[in-house]
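Structure first, then comments.
Each value in this text was obtained by applying a stated rule to the coordinates, not by laboratory testing. A quick note: this is a predicted structure, and the numbers were derived from the prediction, not measured. Note that each Cβ is placed from the backbone with ideal geometry, even for glycine, and that neighbours are counted across all protein chains shown.
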Amino acid sequence: MTPTPARMTGGWDFRIINQSRNGLELVRTLQPLVWGVEGPEGPTFVVVPAMFVTDFASMPRIVRRRYPSFGPWARAALPHDWNYLTRGTQDISLCEVIVKGERMPMFSAEEVDDYHQLVREMGGPWPAFTRAQADDMMRDAMIVIANDREDGQPSRFDRGLIHRAVRMGGANGWGR
């Protein structure tokens, strides 16, 4: 199943947290974001939970000079990064952080239960996405965002370059 542009709903509220990963600022989402894709079996959704921590798109350093984390492509990176963290499964219970050398759940038990309830209400869980599908999803989400913006950004050139950059830069991030 190759995701096709559909719709993105939910919040674009986030908070910068005082941490960094590989020199990139991290942000925490403050409300869920839903990316809907149409597949051969019907609609499938990527549900990015509130309190998800991300650095937006993982791209080689040279590309990040032209496309910093907080550009018009940042919102499109959320479903992409969520798929990377969960290896396409959207299994929130797999998400961990390392605090003072110890692995800890990224989400509380209550947040996990709330997320599972939301996914069930939407008709999930859904089949897992591959890494290539997650990368394509970011490109497709940028198309939706470009169509929603008056200035048409990110441009077709920008989308293509960012897509190639996340394919290169994300190779080590699948499942981390």
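If you stretched the chain out fully between Arg164 and Arg15, how much longer would it get, using 0.36 nm times the residue separation minus the C-alpha to C-alpha distance?
50.9 nm
Rank the residues Phe157, Phe107, Phe129, Phe14 as a footprinting-exposure proxy: fewest other Cβ atoms within 10 Å of their Cβ go first. Walk me through the numbers before you get to the answer.
Working: Phe157 8, Phe107 19, Phe129 26, Phe14 22.
So the residues, fewest neighbours to most, are Phe157, Phe107, Phe14, Phe129.
Assuming 0.36 nm per residue, please report the length gained on full extension of the stretch Lys100 to Leu118 beyond their Cα-Cα distance.
3.3 nm
What FRET efficiency would be calculated for the residue pair Thr89, Val63, taking the C-beta separation as r and a Förster radius of 35 Å, to the nearest 0.05?
FRET efficiency, Thr89 to Val63: 0.80.
Within 10 Å of each candidate Cβ there may be at most 10 other Cβ atoms; applying that plus a DSSP loop requirement, which trypsin sites (Lys or Arg not before Pro) in region 51-114 survive?
Lys100
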